[in-house]
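Here's a structure for you.
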Amino acid sequence: MLDERESVPESLYTILRKLKRGGEEMKMKCLLLFAISMVFLLSCARNSQAASITSIFDSDADGWFVQDVFQSTGNPGGTFSAGWSATGGNPGGHIFKDDPGPLAFFLAAPGKFIGNKSGSIGGTLSFDLSTSATSVGNVDSLIWLRGSGVILSYDASKQVETTFTSFTAPLDSSGNWTYYQDGLVNSRAATDADFNLVLSNLSALMIRGDYINGVERTSLDNVVMTGSTNPVPEPATVALIGIGIVGIAGAEARRRRKKRAVDNY
């Protein structure tokens, strides 16, 4: 038989014990406490759902910059400012960079995309990308997520074009993600546990800008990191659950009082 403690939090287990041992008044109090606890837990779950983080570049580069990377190890090289234009995006403004040197370059996200982003596990990262390079082919390592000594690398299933192309990557193991330890060693398919590790302590989010052995210009627009799409009860639903539990408790109390009155008659 499953121990109640294995399926409910300790505080709720305590309430259930008191329900078994206490009198009618104690049971009523415990049911009310249980209702309040459920409403509180569901409210916390709703509030913890991550809001979308966006960069649409209509007024400036929004803190994005360019990071050179040693392709063989993943170690960072130099950093550069990103260009910004108020026009030519998809639509409106966008950022861009001409290849700054011999290393692979990435467009790197600012602080609002960095830190504890565990609320985005199960969400998506989407953006519009274009390059002046032609015949690029499908792009390996289009996105890098770095954190906790790990790099998660996303391989795209389509190519970057000379006009803006939209990409969407799931932020979980359902996408074409590869796990690497820092130094680009010990590769394997990424797991959901890897996303928990990296996104809870994200130190870099980078989108590849370098596709050829030559000089190209890469442009980026409409970056959006969404939260999990797992359904979270709306406030009205949470309230109805609480009212329902309290109503059940009240009905039970009335039934017991009526039964006791009949027994004492």
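The values are calculated or read from the model by the stated rules, or taken from the named source; none is laboratory data. Keep in mind the model is a prediction, meaning the values are calculated, not measured. Please note: Cβ atoms are built from the backbone with ideal geometry, for glycine as well, and neighbour counts cover all protein chains shown. Side chains included, ligands, DNA and RNA excluded: accessible areas come from the protein's heavy atoms. Shrake-Rupley method; radii C 1.70, N 1.55, O 1.52, S 1.80 Å.
Given the condition surrounded by 14 or more Cβ atoms within 10 Å (Cβ to Cβ), closer than 26 Å to LEU202 by Cα and modelled with pLDDT under 60, answer yes or no: does some residue in the stretch 48-64 qualify?
Looking through the stretch 48-64, at least one residue is surrounded by 14 or more Cβ atoms within 10 Å (Cβ to Cβ), closer than 26 Å to LEU202 by Cα and modelled with pLDDT under 60.
Quickly run through the stretch 217-240 and pick out the residues that are open to solvent by less than 20 Å² (accessible area, probe 1.4 Å) and either of a type in the set (S, T, N, Q) or at pLDDT below 95 (or both).
THR218, SER219, GLY227, VAL238
Look at the stretch 157-213 and say how many of its residues are on the phi < 0 side of the Ramachandran plot, small (Gly, Ala, Ser) and touching a residue at least 24 places away in the same chain (Cβ under 8 Å).
Result for the stretch 157-213: 7.
Also: Does the stretch 95-126 hold any residues that are under 11 Å from GLY63 (Cβ atoms) and of a type in the set (A, V, I, L, M), and which are they?
Within the stretch 95-126, ILE95, ALA108, ALA109, ILE114 qualify.
Go through the stretch 65-90 and give me each residue that's over 26 Å from the mean Cα position of the chain (by Cα) and open to solvent by 60 Å² or more (accessible area, probe 1.4 Å).
The answer is PHE70, GLN71, SER72, THR79, PHE80, SER81, TRP84, THR87.
Residues in the stretch 113-127: is at least one assigned to a strand (DSSP E or B), open to solvent by 60 Å² or more (accessible area, probe 1.4 Å), among the polar types (S, T, N, Q) and touching a Ser or Thr at 6+ places or on another chain (Cβ under 8 Å)?
No, the conditions are met nowhere in the stretch 113-127.
Name every residue in the stretch 128-146 that is on the phi > 0 side of the Ramachandran plot and open to solvent by less than 30 Å² (accessible area, probe 1.4 Å), in order of residue number.
Scanning the stretch 128-146 gives GLY137, SER141.
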